[in-house]
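Comments concern the structure below.
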Amino acid sequence: MSAGSHRLDRLRAALARRELDAALISAPANIRYLTGYVGSNALALVWDGGATLLTDGRYAVSARRQATGADVVIGKRDLLGDAATAVSELGAAPAVGVEAAHLTLERHGRLETALSGARLVATTGLVEDLRLVKDDDEIALIAEAADIADRALADVLALGLVGRREDEVALDLHAAMVRHGAEAPSFPIIVAAGPGGALPHAVPRPEPIPDDTLCVIDLGAVHRGYCSDMTRTVVLGRPDERLVEAYAVCAEAQRVGVEAVRAGVAAADVDRASRAVIDEAGLGEAFVHGLGHGVGLDIHERPGVRREATETLASGMVLTVEPGVYLEGLGGVRIEDLLVVTDEGARVLSRSPKDDIAKEHDTA
Ligand code: ZN
Ligand code: ZN
């Protein structure tokens, strides 16, 4: 049985539990997960007896090639009228789950008008729940995406950083990932040296990277739809003592965070364990974000690994552990690994060296 059919069956079981007759899926990553369709315009209607993938003529050829377990119907660009027709064929007054986080109010309103008799039910997490634990094929694709980022980083670091522009280094990383097999970067690459490193989501600037500071590099690849995510902070020359200290604290917090990962552990406890290291060093206020996030078809997905997280880690989840210490006006450090949760602990997918990077490229 194809992965697509198996996933559709798991969704059907979820529909039964929620007392829904069907689901109209609109989030692209969820449609890809369920049917294999890769494109920008589709809806998937899934019910007990079948599944229909609605897309428009631009995707007719590729959708028929990609879709498994769903019949492909080519509709008009808007797809809502075609969705209403497909729903009407389900029988009298079906309860149809829609994705509250993805269907806009405007499209919801028009869909409701087009449907006669059907009841739309707002749902959250219908497909995301299924995506939480990855199967072996998904983990293999994510591991390959992580390898691509590792190889690209090694290529680019070999050229040195000091004196090169941040935006050029980011472009080189992009090119290197594509050369190693990436479809694209999984998010805008971050290269942030000096005070720029104090911004967790810094945009690479057309500025030369100075010596005697830290340079934060955050990158990830997309491989057959699946993302990777990794951050390394490179120590250049002899940075300010406060940055050296921040690096050591962050590295220890990252190690402790990875160590805390295991199936059955609350995601919030992993955040707590890592954060405690930074708190104890008196740098708690400089760690301004959650410890990590799930990664899969989306670069940021469940489970969230934050203080407020409610999820418990399970074997097969893929997530990041990425503490950061950001010192405004001075610089920042973040170290991020991508890993798979197992019953024994974390299987780390990011292979790039950490402290070795610092030593190897020390230009002092
Ligand atoms: Zn990252
Ligand atoms: Zn991340």
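Numerical summary
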item: Contacts under 8 angstrom Cβ, first residue in the stretch 99-113 being assigned by TED's automatic domain parsing to the domain that holds residue 40, partner modelled with pLDDT of 95 or more and open to solvent by 70 Å² or more (accessible area, probe 1.4 Å), 6 or more apart; result: 99/124; 100/122; 100/124; 101/124
item: Residue tally, condition part of a helix (DSSP H, G or I), in contact with a Leu (Cβ under 9 Å, 6 or more places away or on another chain) and surrounded by 21 or more Cβ atoms within 10 Å (Cβ to Cβ), over the stretch 177-214; result: 4
item: Residue 312 being closer than 25 Å to residue 132 by Cβ, within 19 Å of the chain's Cα centre (by Cα) and more than 16 Å from ligand 1 (Cβ to nearest atom); result: yes
item: Boolean, residue 173 is within 16 Å of ligand 2 (Cβ to nearest atom), modelled with pLDDT under 95 and not aromatic (Phe, Trp, Tyr); result: no
item: Matching residues, the stretch 293-316, being part of a loop (DSSP other than H, G, I, E, B) and in contact with a helix residue (DSSP H, G or I) (Cβ under 9 Å, 6 or more places away or on another chain); result: 295, 296, 297, 298, 306, 307, 308, 309, 310, 311, 313, 316
item: Test for residue 288: is it among the β-branched types (Val, Ile, Thr) and either crowded, with 23+ Cβ neighbours inside 10 Å or under 18 Å from the mean Cα position of the chain (by Cα) (or both); result: no
item: Elements of type strands (runs of 3 or more DSSP E) in the stretch 1-98, at least 2 residues being free of Cβ contacts under 8 Å to residues at least 24 places away in the same chain and surrounded by fewer than 23 Cβ atoms within 10 Å (Cβ to Cβ); result: 50-56, 71-75
item: Qualifying residue in the stretch 289-309 (condition: away from ligand 2 (no atom under 14 Å from the Cβ), in the same structural domain as residue 225 (by TED's automatic domain parsing) and at positive phi); result: no
item: Subset of the stretch 245-257 that is buried (at least 24 other Cβ atoms within 10 Å of the Cβ) and under 23 Å from the mean Cα position of the chain (by Cα) - its residue that is farthest from ligand 1 (Cβ to nearest atom); result: 253
item: Only one of 149, 260 that is within 16 Å of ligand 1 (Cβ to nearest atom) and under 30 Å from residue 341 (Cβ atoms); result: 149
item: Residue that is under 19 Å from the mean Cα position of the chain (by Cα) and under 23 Å from residue 307 (Cβ atoms), where the choices are 294, 220, 264; result: 294
item: Sole exception among (1) within 15 Å of ligand 1 (Cβ to nearest atom); (2) buried (at least 19 other Cβ atoms within 10 Å of the Cβ); (3) closer than 30 Å to residue 27 by Cα for residue 300, by number; result: (2)
item: Qualifying residues in the stretch 230-244 (those that are open to solvent by 10 Å² or more (accessible area, probe 1.4 Å) and either within 10 Å of ligand 1 (Cβ to nearest atom) or not charged (D, E, K, R) (or both)) - the one farthest from the chain's Cα centre (by Cα); result: 239
item: Matching residues in the stretch 204-252 - criterion: being of a type in the set (Val, Ile, Thr) and within 16 Å of ligand 2 (Cβ to nearest atom); result: 216, 217, 222, 231, 233
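Yes/no matrix, rows are residues, columns are (1) farther than 14 Å from residue 69 by Cα; (2) under 19 Å from the mean Cα position of the chain (by Cα):
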| site | (1), (2) |
| --- | --- |
| 5 | no, no |
| 23 | yes, no |
| 27 | yes, yes |
| 37 | no, yes |
| 43 | yes, no |
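The values are calculated or read from the model by the stated rules, or taken from the named source; none is laboratory data. The structure presented is a predicted model; accordingly, all values stated were derived computationally and were not measured. In this analysis, Cβ positions are derived from the backbone assuming ideal geometry, glycine residues included, and neighbour counts consider all displayed protein chains. To get the accessible areas, we keep the full protein, side chains included, count just its heavy atoms, and leave off ligands, DNA and RNA. Shrake-Rupley method; radii C 1.70, N 1.55, O 1.52, S 1.80 Å.
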